[in-house]
1. As a footprinting exposure proxy, order 33, 122, 76 by other Cβ within 10 Å, with the fewest listed first.
2. With r as the distance between the Cβ atoms of residue 105 and residue 58 and R0 = 30 Å, compute the FRET efficiency 1/(1 + (r/R0)^6) and round to 0.05.
3. Using only Cα atoms, figure out Rg for region 114-223 and give it as a multiple of 2.2 N^0.38 Å.
4. Can you tell me the relative contact order of region 90-173? Whole percent, Cα pairs under 8 Å, sequence separation 6 or more.
5. Report, to one decimal in Å, the Kirkwood hydrodynamic radius for the chain based on all distinct Cα pairs.
6. Find how much the distance from residue 45 to residue 92 grows on full extension, using 0.36 nm per residue of separation minus their present alpha carbon separation; answer in nm with one decimal.
7. Counting other beta carbons within 10 Å of each residue's own, what order do 43, 124, 162, 131 fall into, fewest first?
8. Which ordering of 44, 178, 142 is given by a fewest-first count of other beta-carbon atoms within 10 Å?
């Protein structure tokens, strides 16, 4: 259960903000950077709702909220600038009538360049922990991690998505999938131009045990 809860937390950011030249707001390719509006102070608020099933029978629920904030900039150990992204997740997980409260916070570091978006778990990491290469074109498939094997794919660049924050058109829909032993995890994220991630659907499958959680944008502040 502990590993499951950790994956649920990480899923908040894996699909939305994933080594190139330039600083955190350096040169970018075309207008792809508009799907990742990274400025200090930018904040996104999400509702989280989901279900837990075993053998296709629902045995639990997940409800909560998440906040993502670009709080600062920092210098990576290799000398380039990154954005500091703080994530807070609060969930109530109920299985067979027993509830567990989960409250997690963590930080990652983002770099936006002309070749794509790169994320780092630590300022000393030499390899990015996740990658979203530009250009953002439907059908693009890439691999950015071998252990566990992790791939990304742009499913569409014309999705219309309705969430509590409104209806967003011409969204980029991106799916990340990674496989670790008997576990398969996928994130399908929708990103709106000049807004960022508006929806994320996370599915964790271990045999016949499936956890599905959707993050829906409620509000956001951009600078």
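1. 122, 76, 33
2. Result of the calculation: an efficiency of 0.55.
3. 1.14
4. 15
5. Taking every pair of different Cα atoms in the chain, averaging 1/r and inverting gives 17.7 Å.
6. Values: separation 47, 0.36 × 47 = 16.92 nm, distance 1.69 nm.
Using 0.36 nm per residue and subtracting the Cα-Cα distance, I get 15.2 nm.
7. Neighbour counts put them in this order, fewest first: 124, 162, 43, 131.
8. On the way: 44 25, 178 20, 142 14.
The most exposed by this proxy come first: 142, 178, 44.
Every number here is computed from the coordinates shown, using simple stated rules; none is lab data. Nothing here was measured: the structure is a model prediction, and the numbers come from that model. Neighbour counts are summed over all protein chains in view; Cβ atoms, including those assigned to glycine, are modelled from backbone coordinates with ideal geometry.
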